[in-house]
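**Student:** Here it is: the structure, laid out below.
Every number in this text was worked out from the coordinates using simple rules, so none of it is lab data. This one's a predicted model, so the numbers in the text were calculated from it and none came from an experiment. So basically every Cβ, Gly included, is an ideal-geometry build from the backbone, and we count neighbours across all protein chains shown.
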Amino acid sequence: MTTKQETDIPALMKGIGEAAQAAAHVLAGATADAKNLALTQSAKTIRANKAAIQSANDVDVAAAQAKGLTPAMIDRLVLNDERIEGMAKGLEAVAELADPVGRVLADWDRPNGLNIRRVSVPLGVIGVIYESRPNVTADAGALCLKAGNAAILRGGSESFHSSAAIHDCLVAGLKAAGLPEAAIQRIPTTDRAAVGEMLTMVGYIDVIVPRGGKSLIERVTAESKVPLFKHLEGICHTYVDGSADLEKARAIVLNAKMRRTGICGSTETLLVDESLGADVLKTFVEDLLGAGCEVRGDAPSQATDGRVKAASIEDWDTEYLDAIIAVKTVKGVEGAMAHIQEHSSHHTDAIIAEDDAAAAAFLNGVDSAIVMLNASTQFADGGEFGMGAEIGISTDKMHARGPVGVEQLTSFKYQVIGTGQTRPG
């Protein structure tokens with residue numbers, strides 16, 4: 001196992017691309033049973049190799065701590081018994097999903113007797129570029145495989161050893177099912193030139209999914225010649241309407257921010273209807289401060305507690321990925337929607353309300369990939385949506401939007417069935 005080394009990166013990536021194309025051809029015709037066997041065997045291997053995965057992760061975490069990474073970033077990197085078991089269960093959950101390949105999406109007959117069918121097919125080869133979360137190795141590999149796609153995985157240097165250990169388990173599952181080992185490949189170097197090469201591989205890769213921070217997404221968006229499924233940032237909002245059940249709202253707000261601060265579904269801005277008054281606003285602020293969250297607020301929010309820092313203009317456009325939140329009072333649902341329209345990254349936004357009209361206005365009027373009512377934004381996750389897992393959250397509007405699961409990793413083709421028809425002149 002190596003990290004950065006003297007490597008002919010173009011030659012390395014060309015070989016990976018050629019192997020992926022060959023594997024994708026095999027996977028397009030693979031049975032559901034074979035794919036599911038690979039997934040369940042991978043899950044068994046992860047459980048059997050838990051100690052090795054944990055040992056590899058310990059190396060990564062120690063290096064991250066030595067580099068001075070933030071606690072939130074280290075939390076994204078850390079694996080423990082619960083998270084390793086979660087990866088195994090995620091693989092099994094994907095195996096239990098219906099096969100997305102070969103579905104007849106539409107079927108109709110023409111007056112001339114032609115039968116036309118729209119049938120789901122794999123995309124081909126999917127490249128996944130991600131940073132510190134090693135569980136993405138399992139999630140991305142599983143979802144690509146289930147949808148009949150070959151995967152090329154490029155994890156971040158922070159999770160290099162963890163991802164390698166997890167990838168070994170996926171390869172063992174492929175072997176057990178008689179599927180090509182190159183169906184799920186991992187780029188075996190931390191050299192950033194490999195990413196640059198990957199972004200130009202239009203002859204080998206059909207779509208790239210970047211998962212990581214703003215700098216990664218911006219680079220991939222600027223440089224990629226390959227189509228992307230992406231989101232730039234998770235600037236997620238939770239709006240507490242004047243009609244909200246306050247005890248329900250307190251629990252949701254605290255969870256939405258503090259359950260895991262380093263994920264893209266974490267609430268970064270809390271909007272509170274000014275009609276609720278200073279005492280209610282103070283309750284939300286004190287709940288957050290008491291949980292160890294730094295609060296940056298507008299003037300009414302600052303007036304509730306001396307520990308609240310003044311929010312700058314930049315705070316409304318910041319994805320903290322940390323125990324920091326911006327708080328602002330707004331004038332009703334229209335005020336909340338106006339703020340979200342100006343500052344949202346169109347990832348996930350939530351309203352807490354009991355008034356049906358306010359809820360409907362928000363759900364229909366906020367143009368985000370995921371819009372929620374009376375629920376924590378931390379549910380913005382393919383696994384929580386019943387999709388087994390997700391390869392990412394797309395804020396694009398073409399092809400895939402929201403959690404990208406197995407169905408979103410397929411395309412379609414038309415099958416036209418005739419009985420000898422010729423088209424008249």
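**Student:** Using a simple spin-label model with points 7 Å from Cα along the Cα→Cβ vector, what separation in nm is obtained for H25 and E407?
**Tutor:** If labels sit at H25 and E407, their model points lie 3.2 nm apart.
**Student:** Can you spot the aspartates and glutamates whose alpha carbon is less than 13 Å from K214's alpha carbon? Ignore those fewer than 8 places along the same chain.
**Tutor:** Excluding near neighbours in sequence, the set is E131, E233, D317, E319.
**Student:** Okay, moving on. Using a 10 angstrom cutoff on alpha carbons, build the Gaussian network for the chain and name the most mobile of R307, R211, R47.
**Tutor:** Looking only at R307, R211, R47, the largest GNM fluctuation is found for R307.
**Student:** Given a 10 angstrom Cα cut-off, can you work out which residue in G15, G213, G102 is the most mobile in a GNM of the chain?
**Tutor:** Residue with maximal mean-square fluctuation among G15, G213, G102: G15.
**Student:** What does a probe at R47 reach in segment 136-171, counting residues whose amide N is under 17 Å from the point 7 Å along Cα→Cβ?
**Tutor:** Hits in segment 136-171 for R47 at 17 Å: 169-170.
**Student:** ³J(HN,Hα) across segment 141-157 via Karplus (A = 6.51, B = -1.76, C = 1.60, θ = phi - 60°), whole Hz, x for Gly/Pro?
**Tutor:** x, 5, 5, 4, 4, 4, 8, x, 9, 7, 10, 10, 9, 10, x, x, 5
**Student:** Between A63 and A176, how high is the FRET efficiency from 1/(1 + (r/R0)^6) when r is the Cβ-Cβ distance and R₀ = 25 Å? Nearest 0.05.
**Tutor:** On the way: r = 32 Å, r/R0 = 1.28.
My answer for the efficiency is 0.20.
**Student:** If you put +1 on each Lys and Arg Cβ and -1 on each Asp and Glu Cβ, how big is the dipole of the chain around its Cα centre, in Debye rounded to 20? Before the final figure, lay out each step's value.
**Tutor:** Working: 40 positive and 55 negative charges, 325 e Å.
In total the dipole reaches around 1560 debye.
**Student:** Out of all DSSP beta bridges in segment 105-153, what portion is antiparallel? Express it as a percent rounded to 5.
**Tutor:** Details: 4 of 8 bridges.
Bridges in segment 105-153 are about 50 percent antiparallel.
**Student:** How many percent of DSSP beta bridges within the chain run antiparallel, rounded to 5? Don't jump to the answer; show the numbers that get you there.
**Tutor:** Details: 15 of 53 bridges.
Taking every DSSP beta bridge with both residues in the chain, the antiparallel ones total about 30 percent.
**Student:** Please report the spacing between the Cα centers of segment 1-65 and segment 217-266 in Å, no decimals.
**Tutor:** Rounded to whole Å, the Cα centres lie 29 Å apart.
**Student:** While we're looking at this one, here's another question. Counting pairs of alpha carbon atoms under 8 Å apart in space and at least six apart in sequence, what relative contact order in percent does segment 236-379 give?
**Tutor:** Details: 291 pairs, mean separation 49.0, N = 144.
Answer for segment 236-379 is 34 percent.
**Student:** Follow-up. Given H placed on each backbone N at 1.01 Å, which residues far from E294 in sequence or on other chains put an amide H within less than 5 Å of it?
**Tutor:** I324, I325
**Student:** So if each residue of separation counts as 0.36 nm, and I subtract the Cα-Cα distance between D305 and R423, what length gain in nm does that give?
**Tutor:** 34.8 nm
**Student:** Quick check: residue separation of M398 and R260 times 0.36 nm, minus the Cα distance between them. What number comes out in nm?
**Tutor:** Values: separation 138, 0.36 × 138 = 49.68 nm, distance 2.93 nm.
Going from the current span to full extension adds 46.7 nm.
**Student:** Then there's this: Taking a threshold of 18 Å on the Cα-Cα distance, which of the pairs K257/K328; K35/K175; K14/K230 fall above it?
**Tutor:** On the way: K257/K328 15 Å; K35/K175 11 Å; K14/K230 24 Å.
Flagged as over cut-off: K14/K230.
**Student:** Could you give the dipole magnitude of segment 236-379 about its Cα centre, charging the beta-carbon of Lys and Arg +1 and that of Asp and Glu -1, in debye to the nearest 20? Let's see the in-between values first.
**Tutor:** Numbers: 11 positive and 24 negative charges, 88 e Å.
That gives a dipole near 420 debye.
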